Amino acid sequence: MDAINEGHSRASAAGLNIIRYGRPGPLPERLELAAGPLTAVFAAGDLWNIRLGGCEIASRIYLAARDRDWGVVPVEISNLETAIRRDGFAISYDARSRRGEIDFSWRARILGAAGGSLVFEFDGEALSGFWNNRIGLCVHHTAAECAGTPCQIEDAAGWSVAGGFPVLVAPHQPFQNLQSLQYVTREGCAVRLRFRGDIFETEDQRNWTDASYKTYSTPLSAPYPRWIEKEARVRQSVTIAAQGDHSALRESQAAAEVPVIPPTAVFVHAPPKIGLGAASHGGTLSVRELERLRALCLGHLRFDLHWGDGDWRETLERAVRESHALGVGLEIAVFLPAASERALDELTLAVQCLRPNVVRWIVFEDGRFVASDTVVQRLGEAMRPWTPDAAVGGGSDANFAELNRNRPDARSWDFVSFAANPQVHAFDNESVMETCTVLPDLRKTVQNFAPGVPAVISPATLKPRFNAVATSGASERTEDELPENVDPRQMSLFAAAWTAAFFASACAAQIESVTLFETTGWRGVMEIEAGVLIPEHFPSIPGALFPVYHVLQALGEYAGADALAAALPVPRGLAALRLRRGASERLLIANLTAEVRQARIAGAENAEAWLLDETTARDDRSPAPYRETLARDGRVTLRRYAVAWIDCNDREAGSAL
């Protein structure tokens, strides 16, 4: 333990926050609030985790300014004033949203009353004239609480109509032209939300892997981008009120019990095959990097071939070299024109010459979000003689939304694919982690329009790789800014915990294959040996392994033809997964929060565990797994964003662990 404590001390000097979540600064301060039976948290100008009794009725209320490409304009907060009582509160602050031509100033007031209501209102002014797609309040309704719940909708004319939060992911807005929304929670408590200042509507944010439905102002049916004149004013409010008698409703004040992870699991399907994307920096993998990647037992590497680019043949040659060096197959995403005959002829000649080991062709078509069945079939027919074992399919290279809104005739496809990332709408740690819960909903929706067709996620990344809905071209950035598709949390424990939770959700959804991140670089699982260009914003060390590498290695050791997996039910803020291969089992558990958590592993008394946390991080900010004996009651302590795994190599002797 002395060595561990020494490592912890040295890491403190280097910045534990960077190790935990990639940034040196602390997380925003959180203020606990109560308004009668309603509770909430205030942080960074927003309301979070609005609860009525045991039900979260909204995960977030906030103001969003979106530019003409749907980018979120950053907010600066000043003059914060708070008055917090036991059963009520008053919060006010000034805010300014600025980026490029956009300059919007606003004053916010958030009030909570003992009778069980809260109000979020703002009064804003445009300090410049600018184009925008939206300025206004947004409410996130928690999908896990609301899915399938009937509701009553009052439209802007005062008419009331019955509706319901959709169970399957709705491709378009389930509620439109609304001014109030009322429903009964799972605990039988009635709640009403009232919206003022604009026309509001609701979309299903699970289309972008958010764990929520969002009610927002300014309907998408209105033309955009829209111009706002300098000095124009915008005023809106949202009111949430508990309905009826809630005098008997009390939030438990008792300390949360340590959750118990069950000793057994029902194994019914294989875990998804895991692959990595090729490094977008284009560099050659070194001998050391190849050795490290082989240890992950990958299922494939993904390469993108854009036939319209002049260097697609060189990309294919690089793909063949790297797949041979690693001994893995290729997942090739090929982007073809609608008139694909010439492209297919040239691609066929290249494949005949290079003989790549392709396990999957993902077909995309220029000018379409989802390739037509015709183009997918043509690719399959052209490649079948040369890659007879490769699966052929198509889908969306952007988000699930594009697939859901452009549903293909996939009856003859070997799979349907979509890309995923957790940061289309929200970027805070908690919201990003919660996106991992929605994959089973996406899979059920695919099964609804493509029954029996396997689902593939390719790729899954921490940030969007590109803006699929941009209209003004690439945004400009200075040389000392990170690219928009790079997140400093990639090098942190946060990414490791998110990956563990994402994979557990993919197992629960019975996803066939998952392609994650890239091999190397600031979007990969290890830093390149030359290091990064902007260390002040991405403070990694040249050649260092990122924590996510160790999680993938722990998963890869249980890959193979006889592998089985089962996601486990655990409390919010944790993720757990059991893997089986032959006579061996492994339990993997992750802490998805910035708080220290504990769990008790039934049947694991005095067992040996591997832990990946901040404890062993040293000056290179690269934590390594270490072994620790669990307590006599099987209890494991999980530090912030920690991941642990426990092995059992003999299921016949004693417990399933």
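Among the conditions (1) surrounded by 22 or more Cβ atoms within 10 Å (Cβ to Cβ); (2) of a type in the set (Gly, Ala, Ser); (3) more than 29 Å from Asn49 (Cβ to Cβ), the only one that Ala495 does not satisfy is (3).
Considering only residues that are touching a strand residue (DSSP E or B) at 6+ places or on another chain (Cβ under 8 Å) and part of a loop (DSSP other than H, G, I, E, B), look in the range 570-580 and name the one that is nearest to Asn49 (Cα to Cα). Looking at the filtered set, the residue picked out is Gly573.
Taking the numbered list (1) modelled with pLDDT under 95; (2) surrounded by fewer than 24 Cβ atoms within 10 Å (Cβ to Cβ); (3) at negative phi in turn, Glu518 passes all entries but (1).
So, Ser417, is that one in a loop (DSSP other than H, G, I, E, B), over 12 Å from the mean Cα position of the chain (by Cα) and not basic (Lys, Arg) or not? No; evaluated as a whole, the condition is false for this residue. Residues that are out of contact with any Gly (no Cβ under 8 Å at 6 or more places or on another chain), at pLDDT below 95 and farther than 19 Å from Ala455 by Cα: does the range 314-335 have at least one? No, because not a single residue in the range 314-335 is out of contact with any Gly (no Cβ under 8 Å at 6 or more places or on another chain), at pLDDT below 95 and farther than 19 Å from Ala455 by Cα. Quick one: is Glu430 out of contact with any helix residue (DSSP H, G or I) (no Cβ under 8 Å at 6 or more places or on another chain), among the acidic types (Asp, Glu) and in a helix (DSSP H, G or I)? Yes; evaluated as a whole, the condition is true for this residue. The set of residues in the range 572-608 that are acidic (Asp, Glu) and crowded, with 21+ Cβ neighbours inside 10 Å contains only Glu585. Taking the criterion of being touching a helix residue (DSSP H, G or I) at 6+ places or on another chain (Cβ under 8 Å), touching a residue at least 24 places away in the same chain (Cβ under 8 Å), farther than 24 Å from Ile19 by Cα and not acidic (Asp, Glu), would at least one residue in the range 579-590 satisfy it? Checking the range 579-590: at least one residue is touching a helix residue (DSSP H, G or I) at 6+ places or on another chain (Cβ under 8 Å), touching a residue at least 24 places away in the same chain (Cβ under 8 Å), farther than 24 Å from Ile19 by Cα and not acidic (Asp, Glu). Only one of (1) of a type in the set (Gly, Ala, Ser); (2) surrounded by 17 or more Cβ atoms within 10 Å (Cβ to Cβ); (3) over 20 Å from Leu588 (Cα atoms) fails for Ala565. Which number is that? Unmet condition: (3). Quick check on the range 546-554. Is at least one of its residues surrounded by 16 or more Cβ atoms within 10 Å (Cβ to Cβ), modelled with pLDDT of 85 or more and either at positive phi or not in a helix (DSSP H, G or I) (or both)? Among the residues of the range 546-554, at least one is surrounded by 16 or more Cβ atoms within 10 Å (Cβ to Cβ), modelled with pLDDT of 85 or more and either at positive phi or not in a helix (DSSP H, G or I) (or both), which makes the answer yes. When Arg192, Arg196 are checked against the criterion of being closer than 15 Å to His141 by Cβ and of a type in the set (Lys, Arg), a single residue qualifies: Arg192. Criterion first (surrounded by 17 or more Cβ atoms within 10 Å (Cβ to Cβ), within 26 Å of the chain's Cα centre (by Cα), of a type in the set (Asp, Glu) and under 22 Å from His425 (Cβ atoms)) does Asp198 satisfy it? Taking the combined requirement at face value, the residue does not satisfy it. Condition check for Phe466 on (1) within 19 Å of Arg302 (Cβ to Cβ); (2) at pLDDT 95 or above: one failure, at (2). Just one of the numbered conditions (1) at pLDDT below 90; (2) not in a strand (DSSP E or B) is not true of Leu564: (2).
For the residues Ala83, Ala95, the requirement of being under 30 Å from the mean Cα position of the chain (by Cα) and small (Gly, Ala, Ser) singles out Ala95. For the criterion of being within 19 Å of the chain's Cα centre (by Cα), buried (at least 18 other Cβ atoms within 10 Å of the Cβ), in a loop (DSSP other than H, G, I, E, B) and among the aliphatic types (A, V, I, L, M), Ile511 passes.
A search for C-beta distances below 6 Å between a residue of the range 360-371 that is within 13 Å of Phe303 (Cβ to Cβ) and any residue that is polar (S, T, N, Q), counting only pairs 6+ apart in sequence or on different chains, returns Ile362/Ser417. Just one of the listed residues (Gly71, Gly45) is closer than 30 Å to Pro535 by Cα and at pLDDT 95 or above, and it is Gly45. In the range 212-232, the qualifying residues are those that are modelled with pLDDT of 95 or more and either under 29 Å from the mean Cα position of the chain (by Cα) or buried (at least 23 other Cβ atoms within 10 Å of the Cβ) (or both), and the one that is nearest to Ser458 (Cα to Cα) is Ser212. Restricting Val334, Val359 to those that are aliphatic (A, V, I, L, M), crowded, with 20+ Cβ neighbours inside 10 Å, in contact with a Leu (Cβ under 6 Å, 6 or more places away or on another chain) and not in a helix (DSSP H, G or I) reduces the list to Val334.
Of all residues in the range 390-414, those that are in a loop (DSSP other than H, G, I, E, B), more than 30 Å from Pro28 (Cα to Cα) and touching a strand residue (DSSP E or B) at 6+ places or on another chain (Cβ under 7 Å) total 8. Gly367 falls short on exactly one of the conditions (1) part of a loop (DSSP other than H, G, I, E, B); (2) under 29 Å from Pro440 (Cβ atoms); (3) not hydroxyl-bearing (Ser, Thr, Tyr), and that condition is (2). Residue count for the range 390-422, restricted to those that are of a type in the set (S, T, N, Q) and buried (at least 22 other Cβ atoms within 10 Å of the Cβ): 3. Quick check on the range 153-160. Is at least one of its residues assigned to a strand (DSSP E or B), touching a strand residue (DSSP E or B) at 6+ places or on another chain (Cβ under 8 Å), buried (at least 21 other Cβ atoms within 10 Å of the Cβ) and not small (Gly, Ala, Ser)? Yes, the conditions are met somewhere in the range 153-160.
Applying a threshold of 8 Å to beta carbon distances and a minimum spacing of six or more residues, or different chains, the list of pairs starting in the range 57-82 at a residue that is within 25 Å of Ala470 (Cβ to Cβ) and ending at one that is modelled with pLDDT under 95 and of a type in the set (Ser, Thr, Tyr) reads Arg60/Ser431; Arg68/Tyr224; Arg68/Thr471; Arg68/Ser472; Asp69/Thr471; Asp69/Ser472; Asp69/Ser475; Gly71/Ser475. Checking the range 524-537 against the condition returns no match, with no residue being of a type in the set (Gly, Ala, Ser), assigned to a helix (DSSP H, G or I), under 26 Å from Phe418 (Cα atoms) and in contact (Cβ under 8 Å) with a residue 24 or more places away in the chain.
Annotation note: Cβ proximity below 7 Å between a residue of the range 290-305 that is more than 19 Å from Tyr558 (Cβ to Cβ) and a residue that is assigned to a loop (DSSP other than H, G, I, E, B) and among the aliphatic types (A, V, I, L, M) (sequence gap 6+ or interchain) occurs for Leu301/Ala278; Leu301/Val328; Arg302/Ala278; Phe303/Ala278.
The values are calculated or read from the model by the stated rules, or taken from the named source; none is laboratory data. Just so it is clear, the model here is predicted, and its values are computed rather than measured. Don't worry about glycine lacking a Cβ; one is built from the backbone with ideal geometry, like all the others, and counts go over all protein chains shown.
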